[in-house]
Amino acid sequence: MLAANPTVRLANWVLRAACRRKTVNLSGRRGGRRGTMGLMTVTVAVANQKGGVAKTTTVASLGTALVELGQRVLVVDLDPQASLTFSLGVDPEELDLSVREVILGEKDAGDVIVVTDEGAHLLPAAIGLAQAEEALLGRTGREHRLRKALEPVAGDYDWILLDCPPSLGILTVGALTAADQVLIPVQCETLAHRGVGQLLDTIYDVREFTNPGLQLIGVLPTSYDGRTKHARAVLAAITQAYDLDVIEPPIPKTIKFAEAPAIGRSILGTARSHRGAEAYRQVAAGLLRTTVDRAS
Ligand code: ADP
Ligand code: MG
């Protein structure tokens, strides 16, 4: 039972409190449309140019966890490899339309979004997104195109989660420009955090040139094996090196994450009560709590 879960109970309490406090407004946010309960839509870019750090896993799992909390969620696949699309049960090869056409201004986002089995809406990727990246290079306002394209549908959602590709190219910069907040998954393994400095430089550039309001949520430690000294040392090194907030709890290392995409669901659907699923539920509840606190 959802209501028996302390995390869900806490999140529901926070939402009810926000409603009692009249319509809340996220200070410092760009103009936008309101989702459920008067909260503004929050767009989060999940970014790290390193591949395999759990960006896609985080978007799928966090998206589903927010749906469980009664939130309306859109997830956007910005990786030409279309892993998010595939892992949520949609075959990228069977799609006629994808985020590519939306970014290039050929289709409205609303015509391309599909509903996934777990309740999140998905703006899917398909083969051809890589060419879109090339096509965008010659276009005026390329960094702003994703933000503009999402504007008409933003009010239909409480959360928009952007799954960035493993590069700092135009698709990632476009995502950071469209986002209110950025979350950086970091694998708790040797050298995993090399490159975080480069990502932070990109974030600072985006703040200066295209999106002054972009906020850093912090790093989300993934594939964390708390039993090893090594994982704890990597986590401490990341925290010290960049002075970033570290989101809790760290996401545990488990094979259950690798098994979920083949079934076309997130770990919350395939291993409901596993500690990996529970960790993402807690991260989602924390995100919701912080957002409501900031708004009040
Ligand atoms: P990215 O999008 O950053 O490239 P993915 O989300 O695709 O990374 O994850 C890379 C691989 O690691 C996938 O096979 C995924 O199932 C696996 N994985 C993700 N999170 C974990 C975890 N916490 N424990 C173990 N394996 C994980
Ligand atoms: Mg990915």
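Some observations on this one:
- Among (1) at pLDDT below 95; (2) within 22 Å of residue 152 (Cβ to Cβ); (3) not hydrophobic (A, V, I, L, M, F, W, C) - the single one residue 72 does not satisfy: (1)
- The listed residue being at pLDDT below 95, buried (at least 17 other Cβ atoms within 10 Å of the Cβ) and either more than 27 Å from residue 40 (Cβ to Cβ) or within 16 Å of ligand 2 (Cβ to nearest atom) (or both), out of 123, 129: 129
- Scanning region 209-263 for residues that are touching an Asp or Glu at 6+ places or on another chain (Cβ under 8 Å), more than 14 Å from ligand 1 (Cβ to nearest atom) and polar (S, T, N, Q) turns up 210, 215.
- Test result for residue 251, of a type in the set (A, V, I, L, M, F, W, C), touching a Ser or Thr at 6+ places or on another chain (Cβ under 6 Å) and modelled with pLDDT of 95 or more: yes
- Residue 181 being at pLDDT 95 or above and either surrounded by fewer than 22 Cβ atoms within 10 Å (Cβ to Cβ) or more than 14 Å from ligand 1 (Cβ to nearest atom) (or both): yes
- Members of region 108-120 that are farther than 17 Å from residue 60 by Cβ and either buried (at least 17 other Cβ atoms within 10 Å of the Cβ) or aliphatic (A, V, I, L, M) (or both): 109, 112
- Filter result for residue 266 (farther than 24 Å from residue 189 by Cα and among the polar types (S, T, N, Q)): no
- Inter-residue pairs, beta-carbon under 6 Å, first of a type in the set (Val, Ile, Thr) and in region 58-70, second within 13 Å of ligand 2 (Cβ to nearest atom), 6+ apart: 58/46; 58/185; 59/46; 59/75; 59/84; 59/161; 59/163
- Residue match in region 26-42 (condition: among the aliphatic types (A, V, I, L, M), crowded, with 24+ Cβ neighbours inside 10 Å, within 16 Å of ligand 2 (Cβ to nearest atom) and modelled with pLDDT of 95 or more): no
- Of everything in region 58-90 that is polar (S, T, N, Q) and under 15 Å from residue 124 (Cα atoms), the residue that is farthest from ligand 1 (Cβ to nearest atom) is 85.
- All positions within region 158-168 that are more than 14 Å from ligand 2 (Cβ to nearest atom) and either over 20 Å from residue 62 (Cβ atoms) or in contact with a Phe, Trp or Tyr (Cβ under 7 Å, 6 or more places away or on another chain) (or both): 168
- For region 266-296, a residue qualifies if it is in contact (Cβ under 8 Å) with a residue 12 or more places away in the chain and of a type in the set (Lys, Arg), and the qualifying residues are 275, 281, 289, 294.
- Reported count of residues in region 238-255, each being over 29 Å from residue 273 (Cα atoms), among the aliphatic types (A, V, I, L, M) and surrounded by fewer than 13 Cβ atoms within 10 Å (Cβ to Cβ), is 1.
- Any chance residue 174 is more than 25 Å from residue 48 (Cβ to Cβ), touching a residue at least 24 places away in the same chain (Cβ under 8 Å) and either out of contact with any strand residue (DSSP E or B) (no Cβ under 6 Å at 6 or more places or on another chain) or β-branched (Val, Ile, Thr) (or both): no
- Residue, farthest from residue 276 (Cα to Cα), within region 188-233, restricted to residues that are assigned to a loop (DSSP other than H, G, I, E, B) and within 16 Å of ligand 2 (Cβ to nearest atom): 195
- Residue ID - surrounded by the fewest Cβ atoms within 10 Å (Cβ to Cβ), chosen from residues in region 45-70 that are polar (S, T, N, Q) and more than 10 Å from ligand 2 (Cβ to nearest atom): 49
- Residue 126 being over 18 Å from residue 55 (Cα atoms), more than 16 Å from ligand 1 (Cβ to nearest atom) and outside any strand (DSSP E or B): no
The values are calculated or read from the model by the stated rules, or taken from the named source; none is laboratory data. From a predicted model like this one, the values you see are computed outputs, not experimental measurements. Backbone-built Cβ (ideal geometry, glycine too); neighbour counts: all protein chains shown.
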